[in-house]
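Have a look at the structure below before the remarks.
A short reminder: the numbers here are calculations on the coordinates, not readings from a lab. This one's a predicted model, so the numbers in the text were calculated from it and none came from an experiment. No Cβ is skipped: glycine too gets one built from the backbone with ideal geometry, and neighbour counts run over all protein chains shown.
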Amino acid sequence: MRKLTIIIPTLNEAFHIEEVIKSASFADEILIIDSFSTDKTVEIAQKYKVKILKREFDGFSSQKNYAIERAAHDWIFILDADERIPQPLREEILNVLENGASNIVAYDVLCSHIFMNRRMEHSTFKNEWKMRLFDRKFCRHGNKLVHEDMIINGQKSRLKNHFDHYTYRSFDRFIAKKNHYARLQAEQYYKKNKKPTFFHFMVKPAFRFFNQYIFRGGFLDGFPGFASAYINSYGVMTRYIKLWLLHHKMN
């Protein structure tokens with residue numbers, strides 16, 4: 001059977017680190033790539049059989065590629081600290097490693113979001129596939145700072161079972177994550193000399209809210225559906241404000 005390394009990127013994930021390590025315990029290797037956490041993330045992780053790398057964060061893609069190159073095994077599963085692998089997915093991964101088709105080099109996995117203690121079933125949360133299981137000989141992340149893409153040299157398939165993403169820990173933490181993503185996206189646009197306009201400040205945030213909450217059925221997820229749509233629209237607006245600040249040397 002082909003062996004598996006699960007890579008867990010971390011930055012101040014003391015709240016999640018123990019549970020995510022337990023979730024990944026079936027792997028042949030657990031590799032943590034830490035961006036110099038200032039909480040007890042590393043201290044807690046060291047209690048378990050894991051390999052820990054430390055590297056200054058300069059983008060999600062480069063951070064993950066760094067860890068991928070240093071993994072002990074070719075087959076990789078990327079698992080964020082706020083994610084978990086349920087038993088059905090664990091069994092399916094092991095089956096793929098043992099019996100999977102030799103021509104498939106990567107697998108998309110369905111992400112099931114749990115937000116404000118509710119499993120989200122509509123809007124942008126519905127049918128969100130992410131490429132997480134792959135053979136590193138044929139796959140690499142691109143150079144995006146955020147929402148990283150994957151360059152694949154071969155065929156891919158889909159797994160039947162989902163992984164869980166616990167998107168909400170506290171309101172302040174959730175907003176902080178949105179601000180972090182907004183900054184990275186603004187820097188990405190700035191490097192491409194993209195300049196914000198009235199359309200980016202007013203139309204795009206409004207469209208994000210109505211598209212997610214009304215047109216894609218976010219209202220069916222109750223108040224968490226409303227809160228998610230509202231905060232995501234805020235994230236879009238913040239991205240372009242930060243881009244404007246970069247262009248005016250005010251960031």
- prompt: Considering the chain as a Gaussian network with a 10 Å cut-off on Cα pairs, which listed residue, 223, 199, 77, attains the greatest mean-square fluctuation?
  reply: 199
query: Given the rule -39500 (n - 2.57) for each run of at least 4 DSSP H residues, summed and divided by the residues of the chain, what is its mean residue ellipticity at 222 nm, to the nearest 500 deg cm²/dmol?
result: -11000 deg cm²/dmol
query: Considering the values [x] 66; [y] 59; [z] 52, which represents percent of Cα pairs over 22 Å apart as calculated for the structure under consideration?
result: [y]
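Among rounded, prolate and oblate, which fits the stretch 56-173 when a ≥ b ≥ c are the square roots of the eigenvalues of its C-alpha gyration tensor, a/c under 1.5 means rounded, and a/b larger than b/c means prolate? Kindly include the intermediate steps, with their values, before the conclusion.
Values: a/c = 1.88, a/b = 1.23, b/c = 1.53.
It is oblate, given that a/c is not under 1.5 and a/b is not larger than b/c.
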- prompt: Using alpha-carbon pairs under 8 Å, 6+ residues apart, how would you state the relative contact order of the stretch 1-157 in percent?
  reply: 26 percent
statement: Heads up, the stretch 96-145 by the C-alpha gyration tensor (a ≥ b ≥ c square roots of eigenvalues; a/c under 1.5 rounded, else a/b over b/c prolate, else oblate) looks oblate
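With the Cα gyration tensor of the stretch 171-247 giving a ≥ b ≥ c as the square roots of its eigenvalues, does the rule (a/c under 1.5 for rounded; else a/b larger than b/c for prolate; else oblate) give rounded, prolate or oblate? Working shown, then result.
On the way: a/c = 3.09, a/b = 1.68, b/c = 1.85.
Oblate.
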message: Straight-line reach only, C-alpha to C-alpha below 26 angstrom: list the lysines that residue 160 could link to, leaving out same-chain residues fewer than 8 apart.
response: 3, 22, 64, 126, 130, 137
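Would you mind working out the magnitude of the charge dipole of the stretch 146-251 relative to its Cα centre, with +1 at each Lys and Arg C-beta and -1 at each Asp and Glu C-beta, to the nearest 20 Debye?
Numbers: 18 positive and 6 negative charges, 69 e Å.
About 340 debye.
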